[in-house]
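Here, each number is a calculation from the coordinates, and none is a lab measurement. What you see is a predicted model, and the numbers here were worked out from it, not measured in a lab. So basically every Cβ, Gly included, is an ideal-geometry build from the backbone, and we count neighbours across all protein chains shown.
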C-alpha cells in the first residue's frame, strides 16, 4: 500500500523523462549520414571491383564466343594446356625468387647506406628506376640484353672481360685455298700441311674467304720470304679485280698479319712463329722436317657474349630488370623501419662482444621482421600480375619460355586467341592465388593493431 501511494505520488510529482536521442554510431555520426557519404565509394567499388570479378567468374563458365555453357572446362584447360602450364611454372618462379631477391637487396642497401656520408645520394640513384614506367624499363633492358656486343651493354661487358683472358681470333672466316697449297683440315678448326717444310725452301700458306677490303687495319702487300732457314708467307691469295697465279704471292695481294704458325713433329709442337706485317714468318732450325699447322684459334668465330634472351636465360634476365626497378622501393621502406630501431639495443650487443654480422643477424633483422614481411607480401602480389616486362623484353621466338599467367591471360583473350572464356578463367585463378597472400597481410595488420 505505501508503495502504491509512493508510486502515485512520484508519478504525479516527477516530470516525464525526455524522449530518447537518435542513435549514433561509434564515430558519433548517424548511420544514414555515414551511409550517404560512403555511397559514392561503394558505387565505385561495386562498379570497378565487385562487378568485374563477378562477371569474370560468370564468363569463365562459357566458351570462347560466350554462347555455350562449358562449366569448368576452361579451368581444366588451364592445367592441361602446355603454354598455360609453362605460364604457371614461370609465375611460381617469379613469386619464389623475385620478392625474396628484391627484399634482400633492399635490406643490404638500407643497412649499408647508414654508414656512408653519401648514403642519401646512393638511395636517390637506387630509387630512381621507380620513376620509370614498366614500358620504358622494358625497352631499356631489351637494348641492354641485345646479343650484338656493339649494341647490348651486358654483352659488351661480358665480351670485354672474356677478351682479357682469351685471345680473339684474327681472321674468323679465312680458309685454305683448295686450288693451291697443301693445307688441309686437321680437326678443331685448324689446318695442317700435308708435306714437311725444309730449310731454304719457302713455305707458302695461301688463304681465302675474306674480301681484301674487309681485312682489319691497313694491311700491307704480301712478300715472298727471303733468306735461309725455315721461312714462309701467310697471305690472302686473292685481289680485287682478279688475276694472278693461284698459290703464288702476286703483286697487290694482301698479307695476313698476326697468324700463328706451329711446327709439328710426331704430334708435338716444336716451334711457333707469328706472321709479320708483310705476311712472312721465320721458324728456328728445329722446325726443319716438320709439318706446319695453323691453329683453329686463328679462325674461330669471335665471342659474342651470352644469349640473355634465349630459352634458358630469358626468365632470369627479365627478373633482373624487375629487381633493378623495385630494389629502391624495398630499400626506402626498410630504411624507414630501420630508422625506428632502438640504437641502444645495437650498442648493447656490440658491448657484449657481438660482431657486426651477429648484430645484423640476431638484432637488426628480427627487429625489422614486420617491415620485411610488408615488403615481401607487397612484392609477391605485384609479381603475380607482372606483364609489361615479359611482353616487351622477351623476343617473340622465346616469349613462350618466358610466359607468365598475366601475359597468358592477355594472349588468350586479345593476342590472337580471342577466347575470353579461357582468359576469364585465368583471371579468376590469379585472383584465387592472390587471396591467400592478402589474407596473411590482413591478419598481420590486425595483430599489429591489437598491440
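General remarks:
- P(r) histogram, all alpha-carbon pairs of region 293-367 included - 10 Å bins from 0, percent: 15, 22, 18, 17, 13, 9, 5, 0
- Gain on full stretching of the segment that runs from residue 79 to residue 97 - 0.36 nm per residue minus C-alpha separation: 4.2 nm
- DSSP beta bridges confined to region 175-298 are antiparallel in about 80 percent of cases.
- Cut-off 18 Å (backbone N to label point 7 Å along Cα→Cβ of residue 297), residues of region 151-175: 160-174
- Each peptide in 401-413, 292-304 gets a packing score, the mean of other Cβ atoms within 10 Å over its residues, and the list from highest to lowest is 401-413, 292-304.
- With the convex hull drawn around the C-alpha atoms of region 327-389, the volume per residue stands at 85 Å³.
- For region 175-298, the equivalent ellipsoid built from the Cα gyration tensor has semi-axes of 22, 15, 13 Å, listed from largest to smallest.
- Rounded tilt (10° steps) of 82-112 against the dominant C-alpha axis of the chain: 80
- Given (1) 65; (2) 60; (3) 73, the label whose value is percent of Cα pairs over 27 Å apart derived from this model: (3)
- Tilt relative to the chain, helix 420-450 - C-alpha long axis, 0 to 90 degrees, to 10: 60
- Structural descriptor for the chain: relative contact order 22 percent, calculated from alpha carbon pairs under 8 angstrom and at least 6 residues apart.
- Most tightly packed first, judged by the mean number of other beta-carbon atoms within 10 Å of their residues, the peptides 39-51, 200-212, 146-158 read 200-212, 146-158, 39-51.
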